[in-house]
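Notes to accompany the following structure.
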Amino acid sequence: MICLCLETANARVGVAVTRDGRLLAETLLDAPGGLQNRLLMPELRRLLESCHLGIEQIDLFACASGPGSFTGIRTGIAATQGLALAADRPCVGVSTLAMLALNLPHCAAQVCPMLDARKQEVYTALYRVSELPDIIQPDRAVAPEAFLHTITAPTIFLGDGALRYRELISQTMGSNALFAPPIADTLRAAAGCLLAQAAYISGNTVPPASLLPTYLRLSEAEVARLNK
């Protein structure tokens, strides 16, 4: 099975292609200021050409469905829906936090991915990671200090949220706070392929029209509309 995953949820463009779980190609580009729309399709085209693949040869389409940047998530969802419709194939939306946790497979300690959600909050969750992540605490948007007080065991933190709140994490958790090396802080589209393939095997795919984003909180536009 050939799987394609797009990652545009966090100011980057990531594209990966796997065949039966083996990585064929992967790319990762910084895309600040909402550049995902301009970079995604040319980079996808280049990657598929390098693998000598056409869209019609992809069996499963996946994308990072959130949490993360609202605009970035919508970019990935829309592109995945369009590609899957054209190829008449199923889709999978993958948690960005589960993707990040998969950077530390077979980890002895529990894993806490943290993404900076701004407004003094993080997007976070807690996983036990063997070959794939198993949820201990589900994805949420929360003030970091409140979340940290729910953790009592040694935990490895990673992601840009863990970087921003590293001092708070260390002060709150003491010797139970462990930190992944910086290279593990980057979301990998290849991890999304592995999670999507597991979902496919479990029968947890959706048709393109049913692929939905995971926002966890209201957008700025929705908040402004409610406050009027």
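The values are calculated or read from the model by the stated rules, or taken from the named source; none is laboratory data. All figures in this text were calculated on a predicted structure; none of them were measured in a lab. For neighbour counting, all protein chains shown are included, and Cβ atoms are generated from backbone atoms with ideal geometry for every residue, glycine included. Accessible surface areas use protein heavy atoms only, side chains included; no ligands, DNA or RNA. Shrake-Rupley method; radii C 1.70, N 1.55, O 1.52, S 1.80 Å.
Could you look through segment 61-78, keep only residues that are open to solvent by 20 Å² or more (accessible area, probe 1.4 Å) and either in contact (Cβ under 8 Å) with a residue 24 or more places away in the chain or not small (Gly, Ala, Ser) (or both), and pick out the one that is nearest to Leu48 (Cα to Cα)?
Checking each candidate, the answer is Arg74.
So in segment 135-185, with the set limited to residues that are hydroxyl-bearing (Ser, Thr, Tyr) and outside any helix (DSSP H, G or I), which one is surrounded by the most Cβ atoms within 10 Å (Cβ to Cβ)? Steps first, answer last, please.
The first filter runs over segment 135-185 and keeps only residues hydroxyl-bearing (Ser, Thr, Tyr), leaving 150, 152, 155, 165, 170, 172, 175.
Checking the rest, the ones that are also outside any helix (DSSP H, G or I) come to 150, 152, 155, 165.
On the way: Thr150: 9, Thr152: 8, Thr155: 20, Tyr165: 23.
Looking at the filtered set, the residue picked out is Tyr165.
Here are some conditions: (1) within 22 Å of Gly68 (Cβ to Cβ); (2) in contact with a helix residue (DSSP H, G or I) (Cβ under 6 Å, 6 or more places away or on another chain). Pro154 meets all but one. Which one does it not meet?
Tallying (1) within 22 Å of Gly68 (Cβ to Cβ); (2) in contact with a helix residue (DSSP H, G or I) (Cβ under 6 Å, 6 or more places away or on another chain), Pro154 fails exactly one: (1).
State which residue is nearest to Phe61 (Cα to Cα) when the search covers only segment 199-215 and only residues that are surrounded by fewer than 17 Cβ atoms within 10 Å (Cβ to Cβ) and out of contact with any helix residue (DSSP H, G or I) (no Cβ under 9 Å at 6 or more places or on another chain).
Val206
Considering only residues that are touching a helix residue (DSSP H, G or I) at 6+ places or on another chain (Cβ under 7 Å) and free of Cβ contacts under 8 Å to residues at least 60 places away in the same chain, look in segment 2-23 and name the one that is surrounded by the fewest Cβ atoms within 10 Å (Cβ to Cβ).
Ile2
For Ala9, all conditions in the list (1) assigned to a loop (DSSP other than H, G, I, E, B); (2) more than 23 Å from Leu102 (Cβ to Cβ) hold save one; what is the number of the exception?
(2)
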